[in-house]
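One structure is given here, and the rest of the page talks about it.
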2 protein chains.
Amino acid sequence: MERLVVIGGVAAGLSAASAAKRLKGSSMDVSVFEKSGYISYGACSEPYFISGMLTAPEDLIEITPEEFEKKRSIPIYRKHEVVNIDYQDGYVDVLDLINGKSSRHAFDYLMIATGAKGKNLGVPGEDLEGVNTLRTVEDAIRIQKSAVSGKEVVICGGGYIGLEMAEAFVELGKKVTILKKSSQMLLNFDPEMSEIVEEEVRSKGVVIETGVDILSFEGDGRVERVVTNKGDFKADSVLIAKGASPNVDLANKIGVKLGETGAIAVDRHQRTSLGRVYSGGDCVEAYHMVLGKPAYIPLGTTANKAGRVAGENIGGLSTEFRGIVGTAVSKIFDLEVARTGLSLKEAGAAGLDAYAINIRHRSRSKHYVGGWPITVQFTTEKETKRLLGAQMIGREGAALRINVLAAALYSGMTVEDVYRLDLGYAPAFAPAWDPILIAANKARKG
Amino acid sequence: MERLVVIGGVAAGLSAASAAKRLKGSSMDVSVFEKSGYISYGACSEPYFISGMLTAPEDLIEITPEEFEKKRSIPIYRKHEVVNIDYQDGYVDVLDLINGKSSRHAFDYLMIATGAKGKNLGVPGEDLEGVNTLRTVEDAIRIQKSAVSGKEVVICGGGYIGLEMAEAFVELGKKVTILKKSSQMLLNFDPEMSEIVEEEVRSKGVVIETGVDILSFEGDGRVERVVTNKGDFKADSVLIAKGASPNVDLANKIGVKLGETGAIAVDRHQRTSLGRVYSGGDCVEAYHMVLGKPAYIPLGTTANKAGRVAGENIGGLSTEFRGIVGTAVSKIFDLEVARTGLSLKEAGAAGLDAYAINIRHRSRSKHYVGGWPITVQFTTEKETKRLLGAQMIGREGAALRINVLAAALYSGMTVEDVYRLDLGYAPAFAPAWDPILIAANKARKG
């Protein structure tokens, strides 16, 4: 009987546990330890729970612990924190956060799926009540409760989570202010694209302040204001949304190698530098096929895939996670915001000689009611005309269209190739020249 | 001064005219002759004009003759039929259908964009008033007028146009009956997929009769009934929608070679067997990248592309139309119906050893309101696991998703490749495992 211990019960951890168990059956004993009170939750949907679109925390759960245990024959230990790993002797020490008792569990294989935590600002007052980051279901519940009282919400950060949460708070009737250091929202978009989003967000009544250094949070037990280089901002609650940093403490302690990104380094089998230790999810890097090296882009879909690959390899297969191309989509108020590959800025930072082109076209045929403009930006490598990335923003048809370019990046297409694609046309869905083809035509000439 | 004569003023003809003129400017004299009274119309939108969604025939027009002449400096002759071509001496004879006068126009290059006509049944009574096919704007206007009187509409044929028109007639409050010879609608889908469409169409009150041989149309001047092997069907108007056949008479007369499909054969530059004669649009074949040989799949988007390539080559460039992969999408009542590549049946007919898999999954995350099931079918080559085709049907997210697989077919991906794609995930748009990936996972194992 082999034993697999999985640390973390969300996307990567449960995918690994399921895959290994499916392959090994009763010859592998699998246990999952999850520090929080919830497993298998869709963290990306937390804004929709907070906004009230979803009515209960349970609406965030993909599969309940009971269902999972029954279906997979894998015990789930919630509110159990792995506090120590002994790699040499092959065991973990686990603290039951409810009753304070410790237990020891032996392993042959270890899956580290410890996820990420919201970055802190490292300023005074961050521990005040009403100052939150959003990762776990408990965070979401706390923010939702916190938002009931008070009118003024300050969001520190203008990335996906900051903007999705701005939408949620506006839905709740709050007055929302976004404070940002940089002049640009959504830093993984090029400025001309992120401006479209900024305009949408402002049009919904959200105040955006840029060039802001946050100095402290102040209040009497509960936050009352945010103190910055640009003055004080009244705040009944604060969301810090400055991105995520990987939870690597446990891995670090046993000598698992980290990559240049600061996240856990893994090979294509999701194996860490320690032979019997696998990892996946928001605590690891992933190979970026356009960059040709690992990148840290923590996303739920990547976590699912990497977790499954880890589990398959633990289960005796030799499968590979081929990597990512940097695809990400988000709904921000009435906009679909989508990107894949490299922005022009990112291409430049990677030492690639590239140019950007930008077009605006209808999402549907003009001979059909409805339809909205889509803006499409392509990043193209100068010498080879290889597509390096794409960004798309529009009220409809951007989120699913980006996947065509994700496929193009996967197979290393030139923009000429993209221009030659046989994309579907019907008036209700697209113009005869799809915006993708119009952008590709401009890019191949550019 | 070189002279280009273009026969046909819709997608392919105007694309060729524009491209050649853009390249050659004042050194090329371009004339466009169009038999009908309209140019540059979106034939795919005609059902939406008939249904009343679009209010005037002008809503079908991409660019008016006046705008086109002004923008491009290309004269447009509407209601002018090219009745004779002399290839040796390089001229066409043109009949002005309004005043009956003939004129002769010399050419150095000829672009044949004569399009297609609706197939006839070849039974008595097809010329009765109220029995129509749908190709031109004039057809659409006639059908719309014809539909005003009477309640009972019979549609002969269950392809895209038949079904889109069934929707249009239901919108107009008609009682619609579809008569079909074969037991299956949408013959370029596999049966289990077309059944989903059939169920949708029936649920909207449309009567579908299969195994029907139409023997004649009867009525006193105007059609009153359809006589079939299964009895008579009352009909106040009839639409014959049995597909299209290429208009090749003119081309044939001057010895332009036709392909095995019966449509005009062209090389990758859209050049016919006669050196100075180019062709594009619904009268030509296109190279099918999955089949590896020409196919006749007349579609507006292909016409635009092939026309542009013809014009570029006439204009002195050497560009290639790389071909099609058989992508087609349609809105049929509340369904998005999409396909690309080969169905299992088509793969079999092409001598490919293939299998089909089929999955049903949510179009969006379960942690988001809304969302509908999508059914996805993949055709996979047995030995190589190469993706040969895909079909998708659902209330949302099918039409744009099919393009990912069109890109996959273009680059010859295996289903393993498709499974490894980095597709976008956000609760509002897709589940963490996109239906495409779930289908690919099943296909790679299948």
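Output the number of the condition that A:Ala349 fails; it satisfies all remaining conditions of (1) hydrophobic (A, V, I, L, M, F, W, C); (2) more than 14 Å from chain B (Cβ to nearest Cβ); (3) in contact (Cβ under 8 Å) with a residue 24 or more places away in the chain; (4) surrounded by fewer than 22 Cβ atoms within 10 Å (Cβ to Cβ).
All conditions are met except number (3).
Among the residues of region B:26-77, write down those that are more than 12 Å from chain A (Cβ to nearest Cβ) and either of a type in the set (Phe, Trp, Tyr) or assigned to a loop (DSSP other than H, G, I, E, B) (or both).
B:Phe33, B:Lys35, B:Ser36, B:Gly37, B:Tyr38, B:Ile39, B:Thr64, B:Phe68, B:Ser73, B:Ile74, B:Pro75, B:Tyr77
Please tell me if A:Ser73 is surrounded by 17 or more Cβ atoms within 10 Å (Cβ to Cβ) and touching a residue at least 12 places away in the same chain (Cβ under 8 Å).
No; evaluated as a whole, the condition is false for this residue.
Out of everything in region A:314-327 that is within 11 Å of chain B (Cβ to nearest Cβ) and surrounded by fewer than 23 Cβ atoms within 10 Å (Cβ to Cβ), what residue ends up being nearest to the chain's Cα centre (by Cα)?
Restricting to residues being within 11 Å of chain B (Cβ to nearest Cβ) and surrounded by fewer than 23 Cβ atoms within 10 Å (Cβ to Cβ), the top hit is A:Arg322.
Would you check which residues across region B:270-313 are assigned to a loop (DSSP other than H, G, I, E, B), away from chain A (no Cβ under 14 Å) and surrounded by fewer than 23 Cβ atoms within 10 Å (Cβ to Cβ) and list them?
B:Ser273, B:Leu274, B:Gly275, B:Arg276, B:Gly292, B:Tyr296
Restricting attention to region A:90-108, does a residue exist that is part of a strand (DSSP E or B) and either in contact with a Pro (Cβ under 8 Å, 6 or more places away or on another chain) or assigned by TED's automatic domain parsing to the domain that holds A:Val223 (or both)?
Looking for residues that are part of a strand (DSSP E or B) and either in contact with a Pro (Cβ under 8 Å, 6 or more places away or on another chain) or assigned by TED's automatic domain parsing to the domain that holds A:Val223 (or both), one finds none in region A:90-108, hence no.
It is to be established whether one or more residues within region B:182-198 are in contact (Cβ under 8 Å) with a residue 60 or more places away in the chain, in a strand (DSSP E or B) and either at positive phi or of a type outside the set (Val, Ile, Thr) (or both).
No; the residues of region B:182-198 include none that is in contact (Cβ under 8 Å) with a residue 60 or more places away in the chain, in a strand (DSSP E or B) and either at positive phi or of a type outside the set (Val, Ile, Thr) (or both).
Can you say whether B:Arg360 is of a type outside the set (Val, Ile, Thr), more than 11 Å from chain A (Cβ to nearest Cβ) and assigned to a strand (DSSP E or B), as far as the supplied structure shows?
Taking the combined requirement at face value, the residue satisfies it.
For the structure I just gave you, tell me whether B:Lys442 is within 12 Å of another protein chain (Cβ to nearest Cβ) and outside any strand (DSSP E or B).
The answer is no for B:Lys442.
Taking B:Lys204 as meeting all but one of (1) within 22 Å of B:Ala328 (Cβ to Cβ); (2) crowded, with 23+ Cβ neighbours inside 10 Å, write down the number of the exception.
Condition (2) is where B:Lys204 drops out.
On the basis of being closer than 17 Å to B:Ser15 by Cα and not basic (Lys, Arg), does B:Gly292 make the cut?
no
Just to check your reading of the model, which residue among B:Thr272, B:Thr327 is under 29 Å from B:Glu46 (Cα atoms) and in contact with a Ser or Thr (Cβ under 7 Å, 6 or more places away or on another chain)?
B:Thr327 is the lone residue from the list that is under 29 Å from B:Glu46 (Cα atoms) and in contact with a Ser or Thr (Cβ under 7 Å, 6 or more places away or on another chain).
Condition test on A:Leu400, is it at pLDDT 95 or above and either away from every other protein chain (no Cβ under 12 Å) or within 25 Å of B:Ser15 (Cβ to Cβ) (or both)?
Against the criterion (at pLDDT 95 or above and either away from every other protein chain (no Cβ under 12 Å) or within 25 Å of B:Ser15 (Cβ to Cβ) (or both)), A:Leu400 does not qualify.
Which ones in region B:252-261 are touching a Ser or Thr at 6+ places or on another chain (Cβ under 7 Å) and in contact (Cβ under 8 Å) with a residue 24 or more places away in the chain?
Matches in region B:252-261: B:Val256 only.
Anything in region A:408-420 that is surrounded by fewer than 24 Cβ atoms within 10 Å (Cβ to Cβ) and not hydroxyl-bearing (Ser, Thr, Tyr)? List them, or say none.
A:Gly412, A:Met413, A:Glu416, A:Asp417, A:Arg420
The values are calculated or read from the model by the stated rules, or taken from the named source; none is laboratory data. Remember, it's a predicted structure, so these values are computed and weren't measured experimentally. With ideal geometry, Cβ positions are generated from the backbone for all residues, glycine too; neighbour counts draw on all protein chains shown.
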